[in-house]
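First up is the structure itself, then whatever we jot down about it.
The values are calculated or read from the model by the stated rules, or taken from the named source; none is laboratory data. Just so you know, these numbers come straight off a predicted model, no measurement behind them. Cβ coordinates were reconstructed from backbone atoms using ideal geometry, including for glycine residues, and neighbour counts include every protein chain displayed.
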Amino acid sequence: MSNENKHLTTGTGTPVGDNQNSMTAGMRGPTLIQDVHLIEKLAHFNRERVPERVVHAKGAGAHGYFEVTNDMSKYTKAKLFNGVGKRTSMFIRFSTVAGELGSSDTVRDPRGFSVKFYTEEGNYDLVGNNTPIFFIRDAIKFPDFIHTQKRDPKSHLKNPNAVWDFWSLSPESLHQVTYLMGDRGIPATLRHMNGYGSHTFKWVNADGEAVWVKYHFKTEQDVKNMTNEVAAKLAGENPDYHTEDLFNAIDKGDFPAWKLHVQIMPFEDAYSYRFDPFDVTKVWSHKDYPLIEIGRMVLNRNPENYFAEVEQATFSPGTMVPGVEASPDKMLQGRIFAYSDAHRYRVGPNHNLLPINRPKVEVNNYQRDGAMRSDNNGGGSVYYEPNSYGGPKETPEHKQTAFQVTGVAEQVAYDEHDHYTQAGDLYRLMSEEERSRLVETVVGAMKPVEREDIKLRQIQHFYKADPEYGERVAKGLNLAIPQEVK
Ligand code: HEM
């Protein structure tokens with residue numbers, strides 16, 4: 001959209017006579033408050049920022065489409081996964097987690113992988129990361145965890161003491177910490193990484209039968225990572241390296257693509273599987289539940305305006321379509337609340353009216369008014385229910401499926417605490433070079449930790465995952481594995 005050869009106006013459409021000189025009493029002033037154009041310009045400028053996201057503040061986005069290559073109607077009635085060749089338009093936002101809006105792209109951090117599908121049954125948001133697992137498994141720990149990743153309230157510096165104190169006291173983080181400190185902790189570009197829904201979700205078919213599912217986006221560009229040295233150099237030279245790479249690739253027609261796969265677990269298996277399949281610190285064995293390719297995502301259009309499309313985009317794990325439902329994952333449950341709450345605060349209660357968030361289907365409900373209601377607010381149509389005026393009606397076939405719940409309501413921990421097997425498996429999967437780089441990165445990250453008890457506590461976790469892993473980190477830090485652990 002061009003504004004070429006248009007005349008300049010105020011926000012109220014009045015032609016502006018002078019945009020270079022404010023109105024003053026004589027050449028030397030003072031400035032007159034009646035210069036409404038000047039006042040509007042200064043006041044609007046003061047309000048240009050909305051709060052940055054409390055996490056995942058720095059991001060880059062792109063438009064594209066998702067195409068079904070393998071019909072999934074046997075498992076889900078979600079229309080976007082049904083009918084080979086079916087295309088659904090989508091928008092993606094990639095992000096780093098801990099840094100602020102202007103922070104460097106090449107830091108060691110998980111990358112956000114948020115996909116908004118504009119389906120014929122409303123929007124479906126898949127708000128995942130480039131890692132299949134997470135640091136914690138109960139939403140109640142999230143604000144504390146993020147505090148340790150953000151700046152220290154006194155020094156306003158990153159605080160390695162807090163990071164390792166929290167991780168060492170939260171051994172469920174070990175799997176993700178190993179993943180993050182390994183080669184995949186810094187992707188070469190946003191195009192060269194996989195994406196994961198991470199949580200377990202429920203799929204329901206047209207007959208009301210349910211299965212459990214995990215999503216995996218596999219990059220067609222191949223997984224490529226960046227070394228600590230290159231990343232550190234780029235952080236200084238070009239902090240927007242990943243943003244630029246994505247923008248330029250799409251701009252020159254080199255469209256990045258991902259194959260979407262799922263793992264499907266029969267509904268009943270969840271209760272007999274060898275660990276809790278809703279625990280987001282664990283992966284499901286691919287031998288038990290192999291990857292099934294279901295479609296392809298292609299990014300083929302850059303945003304026209306960063307603020308309107310990327311900054312104002314709002315993704316929520318609670319935004320699902322018929323055929324996709326929540327699992328009991330305690331993290332997912334917390335996220336279903338947290339995101340829409342953040343959106344109402346960060347963008348406003350009518351954030352879904354913004355073009356980037358607005359579904360591509362008609363929206364009909366009885367919600368009215370609120371800050372920045374920018375459509376016709378329902379016009380003169382009926383604004384309550386039940387009513388005798390033919391207003392929008394619920395469709396019982398879209399009710400969520402009923403499910404059984406059992407147990408005593410209480411604040412209760414997970415019933416198993418094997419934080420070591422999968423973290424150790426990941427270590428053992430690595431080549432000798434990968435292990436060396438992992439250990440070097442961990443040692444580098446732990447060196448600034450001031451308290452020895454924190455380092456020792458963390459080293460024990462590495463040791464329990466794999467004795468070699470623990471011994472090597474301990475050696476790098478000039479410490480010894482405590483006798484009682486051996
Ligand atoms: C962003 C909360 C766990 C991925 C956010 C935002 C909040 C939040 C409040 C900012 C939303 C906004 O302002 O638009 C939480 C809570 C969690 C949690 C409470 C745990 C209970 C996770 C997990 C993942 C994840 C497990 C990935 C598997 C993301 C991504 C974004 C994000 C990708 C950026 C969304 C975007 O691109 O706009 N999170 N989060 N988060 N979170 Fe989480």
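Taking the conditions exactly as written (hydrophobic (A, V, I, L, M, F, W, C), over 30 Å from Pro328 (Cβ atoms) and in contact (Cβ under 8 Å) with a residue 24 or more places away in the chain), does Leu180 satisfy them or not?
Considered against the rule, which asks whether it is hydrophobic (A, V, I, L, M, F, W, C), over 30 Å from Pro328 (Cβ atoms) and in contact (Cβ under 8 Å) with a residue 24 or more places away in the chain, Leu180 comes out as no.
What tally of residues in segment 32-61 results from selecting those that are of a type in the set (Val, Ile, Thr), away from the ligand (no atom under 16 Å from the Cβ) and surrounded by 10 or more Cβ atoms within 10 Å (Cβ to Cβ)?
Qualifying residue count for the region: 2.
Does segment 74-125 hold any residues that are acidic (Asp, Glu), more than 14 Å from the ligand (Cβ to nearest atom) and either assigned to a strand (DSSP E or B) or free of Cβ contacts under 8 Å to residues at least 40 places away in the same chain (or both), and which are they?
Of everything in segment 74-125, just one residue is acidic (Asp, Glu), more than 14 Å from the ligand (Cβ to nearest atom) and either assigned to a strand (DSSP E or B) or free of Cβ contacts under 8 Å to residues at least 40 places away in the same chain (or both), namely Glu120.
Return the pair list, or none, for Cβ contacts closer than 7 Å from residues in segment 316-337 that are over 22 Å from Arg358 (Cα atoms) and within 13 Å of the ligand (Cβ to nearest atom) to residues that are in a helix (DSSP H, G or I) and among the small types (Gly, Ala, Ser), at least 6 apart or on different chains.
Filtered contacts from segment 316-337: Lys330/Ala139; Met331/Ala139; Gln333/Ala139; Gly334/Ala139.
Out of Ala308, Ala402, Ala326, I need the residue that is loosely packed, with under 12 Cβ neighbours inside 10 Å and at negative phi. Which one?
Ala402
Looking only at segment 278-310, count how many residues are of a type outside the set (Gly, Ala, Ser) and either farther than 20 Å from Asn194 by Cβ or modelled with pLDDT under 95 (or both).
11
Quick one: what pairs do we get from segment 1-22, first residue in contact (Cβ under 8 Å) with a residue 12 or more places away in the chain, second polar (S, T, N, Q) and surrounded by 10 or more Cβ atoms within 10 Å (Cβ to Cβ), C-beta under 8 Å, 6+ apart or different chains?
If the second residue must be polar (S, T, N, Q) and surrounded by 10 or more Cβ atoms within 10 Å (Cβ to Cβ), the pairs left are Val16/Thr9; Val16/Thr10; Ser22/Thr31.
Report, by residue number, each residue of segment 210-231 that is of a type in the set (D, E, K, R) and under 22 Å from Thr69 (Cα atoms).
Residues satisfying the conditions are Lys214, Lys218, Glu220, Asp222.
Every residue in segment 110-147 that is small (Gly, Ala, Ser), touching a strand residue (DSSP E or B) at 6+ places or on another chain (Cβ under 9 Å) and under 23 Å from Pro328 (Cβ atoms), please.
Ser114, Gly128
Looking only at segment 135-188, count every residue that is farther than 30 Å from Ser431 by Cα, more than 16 Å from the ligand (Cβ to nearest atom) and part of a helix (DSSP H, G or I) and tell me the total.
1
Could you check segment 189-223 and list, in sequence order, the residues that are part of a loop (DSSP other than H, G, I, E, B) and among the hydrophobic types (A, V, I, L, M, F, W, C)?
Selection gives Met193, Ala206, Val223.
Is there a residue being crowded, with 21+ Cβ neighbours inside 10 Å, in contact with a Phe, Trp or Tyr (Cβ under 7 Å, 6 or more places away or on another chain) and more than 30 Å from Phe462 (Cα to Cα) anywhere in segment 192-204?
Among the residues of segment 192-204, at least one is crowded, with 21+ Cβ neighbours inside 10 Å, in contact with a Phe, Trp or Tyr (Cβ under 7 Å, 6 or more places away or on another chain) and more than 30 Å from Phe462 (Cα to Cα), which makes the answer yes.
Name the residue, out of Glu394, Glu416, that is on the phi < 0 side of the Ramachandran plot, modelled with pLDDT under 95 and part of a loop (DSSP other than H, G, I, E, B).
After applying the criteria, what remains is Glu416.
Regarding Asp369, is this residue over 27 Å from the mean Cα position of the chain (by Cα) and not aromatic (Phe, Trp, Tyr)?
Answer is yes for this residue.
More than 30 Å from His147 (Cα to Cα), within 16 Å of the ligand (Cβ to nearest atom) and either assigned to a helix (DSSP H, G or I) or of a type outside the set (Lys, Arg) (or both): which single residue out of Gly29, Gly64 fits that description?
The unique qualifying residue is Gly64.
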